[in-house]
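The values are calculated or read from the model by the stated rules, or taken from the named source; none is laboratory data. Everything numeric in this text was worked out from a predicted model, so none of it was measured. Here the Cβ positions follow ideal geometry from the backbone for every residue, glycine too, while neighbour counts run over all protein chains shown.
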Amino acid sequence: MEEKYKQEPSDIIKVVMFGPESTGKTTLSGQLAHYYNTVWTPEYAREYLQDKWNEEKKTCEPKDLLPIAEGQIRLENKLTKRANKILICDTDLLETKVYSEAYYIGYCDPVLEKHALQNTYDLYFLTYIDIPWEEDDLRDKPLERERMFEYFKETLEKYNRKYVLLKGDKNTRLKTAVEHINKLLAK
């Protein structure tokens, strides 16, 4: 049963966009996929939660987290097979774990936590909060961006994840990310 939260083995490089909401992760994922002529894994939670909002006008609940995690890994495993040397991930289960703990008073389902910590990536890009907030149906913490950013950063450090901080405008972030991905590809 827990296999549905596990990454399938692969030789490609995987990088993750990681950070608070509305910090440019999706935009940068698309830019990098285009630059490297590869595919990128979108954030499954956005589609899942938008559908829920449209149907029920309800936001995320703890019971939604395992279906979100399952959908995210299913997407990642599917797109890994189509990727060209590198897969750009708009998110991962570690990000889902951060949101679970932030929204549900420290709670994270043990199955989600286990796989968030077991699944591996070559590099994380931590996106800073220096771009304008963009409101939508799902984003709800515009006044807590700094606190959330610190939580994301502390999580990467706590679990010894290799990361690069991305700041600045879209072009600056893209340039920095490309420099670091090229180093991975050169190895």
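Descriptive notes on the structure:
Matching residues to (1) over 28 Å from TYR35 (Cβ atoms); (2) touching a strand residue (DSSP E or B) at 6+ places or on another chain (Cβ under 9 Å):
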{"position": "THR80", "(1), (2)": "no, yes"}
{"position": "ASN84", "(1), (2)": "no, no"}
{"position": "LEU87", "(1), (2)": "no, yes"}
{"position": "THR96", "(1), (2)": "no, no"}
{"position": "TYR121", "(1), (2)": "no, yes"}
{"position": "THR127", "(1), (2)": "no, yes"}
{"position": "ARG147", "(1), (2)": "yes, no"}
{"position": "LEU156", "(1), (2)": "no, yes"}
{"position": "ALA186", "(1), (2)": "no, no"}
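- Unique match (being touching a residue at least 60 places away in the same chain (Cβ under 8 Å), under 14 Å from LEU28 (Cα atoms) and not in a helix (DSSP H, G or I)) among THR120, THR91: THR91
- Matching residues, region 3-43, being charged (D, E, K, R) and part of a loop (DSSP other than H, G, I, E, B): LYS6, GLU8, ASP11, GLU21, GLU43
- Taken together, TYR99, TYR128, TYR104, TYR163 contain a single residue that is farther than 21 Å from SER29 by Cβ and hydroxyl-bearing (Ser, Thr, Tyr), which is TYR104.
- Pairs, first more than 13 Å from THR120 (Cβ to Cβ) in region 8-19, second part of a strand (DSSP E or B) and of a type in the set (Phe, Trp, Tyr), C-beta under 6 Å, six or more apart: MET17/PHE125; PHE18/TYR124
- Residue within region 153-174 that is crowded, with 18+ Cβ neighbours inside 10 Å, modelled with pLDDT of 95 or more and in a strand (DSSP E or B) present: yes
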